[in-house]
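Step one of this worksheet: look at the structure below.
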Amino acid sequence: MVAGASQVWRFVNEVAVGDWVVTYSPANRLYLVGKVVGQAEHHPEWAEQGMALVRKVQWQQQELPRDNLGTSTKNSLGSTLTLFEVPSDAAAEVFEALKGKPVAPKEDEAEESIADPLADVEAQALERIKDRVSELDWDDMQQLVAGILRAMGYKTQVSPPGSDRGKDIVASPDGFGFEHPRIVVEVKLEASM
């Protein structure tokens, strides 16, 4: 209760017109960056949607894919708090990435640089899994999908490289495709932005 009240107080009293804000959409793995342009407003009619208290924000047109940021910045933006101050080095990287400048990997960047490793473990793990899966090439993705099907109890046949007529993986309970359900998978990868 105290943490929630603290977040509301900060939202109303510490966030100022002209401040930059960042929000994340886990569904499409994009960050949105904008500038606060209005004071806090109360809209009781939006309470059912969980948005009774709002601030007007002018959002940048360009969205920022999570994969365009370094590990340290992704971890910094993965705070469990609803409202937190982004470290200056992470903010600088976000603005550089918005300008289309590639992120140079930092030699001393630790893969696991998290302030509180036990906070919101499930959400952090999910984002890391998404990061790893998005880095897979076609063959590794095919093996991952076949592995998931095997973990679900299916026996799989993975087609060798070459013409497979859209049947990269065939899965069924018996491994031959005679028993139902019979699953045929064609693995496709989208080019990342």
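The values are calculated or read from the model by the stated rules, or taken from the named source; none is laboratory data. Everything numeric in this text was worked out from a predicted model, so none of it was measured. Note that each Cβ is placed from the backbone with ideal geometry, even for glycine, and that neighbours are counted across all protein chains shown.
I need every pair where a residue in region 52-79 that is outside the structural domain of GLU96 (by TED's automatic domain parsing) has its Cβ under 7 Å from the Cβ of a residue that is hydrophobic (A, V, I, L, M, F, W, C), sequence separation at least 6 or different chains. From residues that are outside the structural domain of GLU96 (by TED's automatic domain parsing), there are no pairs. If you go through region 107-154 and keep only what is part of a loop (DSSP other than H, G, I, E, B), loosely packed, with under 12 Cβ neighbours inside 10 Å, at pLDDT 65 or above and under 19 Å from the mean Cα position of the chain (by Cα), you end up with GLU135, ASP137.
Quick one: in region 3-40, of everything that is exposed (fewer than 11 other Cβ atoms within 10 Å of the Cβ) and farther than 27 Å from GLU127 by Cβ, which residue is farthest from the chain's Cα centre (by Cα)? If you could, list the steps in order and put the result at the bottom.
At the first step, the residues of region 3-40 found to be exposed (fewer than 11 other Cβ atoms within 10 Å of the Cβ) are 3-5, 13-14, 16, 18, 27-28.
Imposing the further condition that a residue be farther than 27 Å from GLU127 by Cβ reduces the set to 5, 13, 16, 18.
Details: ALA5: 27, ASN13: 29, ALA16: 27, GLY18: 26 Å.
This residue is ASN13.
Here are some residues: VAL103, VAL94. Which one is in the same structural domain as THR23 (by TED's automatic domain parsing), modelled with pLDDT of 80 or more, closer than 20 Å to SER25 by Cβ and touching a helix residue (DSSP H, G or I) at 6+ places or on another chain (Cβ under 8 Å)? Break it down into steps so the answer makes sense when it comes.
Details: VAL103 fails: modelled with pLDDT of 80 or more.
Going through VAL103, VAL94 in turn, the sole match is VAL94.
Scanning region 1-59 for residues that are in contact with a helix residue (DSSP H, G or I) (Cβ under 9 Å, 6 or more places away or on another chain) and closer than 30 Å to VAL133 by Cα turns up VAL22, TYR24, PRO26, ARG29, LEU30, TYR31, VAL33.
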